[in-house]
Amino acid sequence: MAVTKTNFINYVRCPRYVALDNLKKEKLDSLVSLKDYRKEEEQLYINEILEGMFDSDNNDLIDVYNAHLEVMLPYYNKVELLAGKLAPSYFKGSFKYSSDTLQQESFDFKSNGIRYLCYVDIYNQVDDYFNIIEVKATTSKKYL
């Protein structure tokens, strides 16, 4: 099984997520292609959208206009790129970042038979080490 950023966050948030995820021994050595990774991320995104379509009383929320989100969305989309431009002020070395996943650096390793995989927002290469910088645009309320 490959542990993506999304899975890792779910594992951290819920101690039972791994069990609920039905981990099987044969999945531990499986390879995840970019296509499979994107499919998993897309399915989580779709689920997130669908969860936002109905409230706890099963009322349809599709027609609800979120003015705040509409105003903030262009800024959220620029946060990663701005962070990439700002990172050299704090770190030395070379940087690789992009809003396009295919242009991002892939971080991938295997430990104890489990493959960990993610595409990093900002990859910072220094002489004998590197930094991985993850960028999130959110409000403190949503983060907490």
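The values are calculated or read from the model by the stated rules, or taken from the named source; none is laboratory data. For clarity, every value in this text was computed on a predicted model and none was experimentally measured. Cβ placement follows ideal geometry from the backbone for every residue including glycine, while neighbour counts extend to all protein chains displayed.
Every residue in segment 103-121 that is among the hydrophobic types (A, V, I, L, M, F, W, C) and in contact (Cβ under 8 Å) with a residue 40 or more places away in the chain, please. Quick ask: steps written out before the conclusion?
We begin by selecting, within segment 103-121, every residue among the hydrophobic types (A, V, I, L, M, F, W, C); these are 107, 109, 114, 117-118, 120.
Ile114, Leu117, Cys118, listed by residue number.
Anything in segment 8-33 that is surrounded by 10 or more Cβ atoms within 10 Å (Cβ to Cβ), part of a helix (DSSP H, G or I) and at pLDDT below 75? List them, or say none.
Listed by number, the residues that qualify are Tyr17, Val18, Lys27.
Would you kindly identify the strands (runs of 3 or more DSSP E) lying entirely within segment 47-144 that contain at least 3 residues that are modelled with pLDDT of 90 or more?
On the way: elements: 94-97, 106-111, 114-119, 122-126, 129-133.
Qualifying strands (runs of 3 or more DSSP E): 94-97, 122-126, 129-133.
Quick one: how many residues across segment 84-132 are of a type outside the set (Lys, Arg) and within 21 Å of Asp36 (Cα to Cα)?
Of the residues in segment 84-132, the ones of a type outside the set (Lys, Arg) are 84, 86-91, 93-95, 97-109, 111-114, 116-132.
Pick out the ones that are also within 21 Å of Asp36 (Cα to Cα) and you get 98-109, 111, 113-114, 116-121.
So the answer is 21.
Among (1) under 18 Å from the mean Cα position of the chain (by Cα); (2) within 25 Å of Asn10 (Cα to Cα), there is one condition Gln103 misses while meeting the rest; what is its number?
All conditions pass for Gln103, except number (2).
Can you name the residue in segment 68-91 that is surrounded by fewer than 12 Cβ atoms within 10 Å (Cβ to Cβ) and among the hydroxyl-bearing types (Ser, Thr, Tyr) and is also farthest from Ile133 (Cα to Cα) among such residues?
Only one residue fits best here, namely Tyr75.
For segment 48-58, state whether one or more residues are free of Cβ contacts under 8 Å to residues at least 60 places away in the same chain, surrounded by 12 or more Cβ atoms within 10 Å (Cβ to Cβ), within 18 Å of the chain's Cα centre (by Cα) and closer than 27 Å to Tyr37 by Cα.
no
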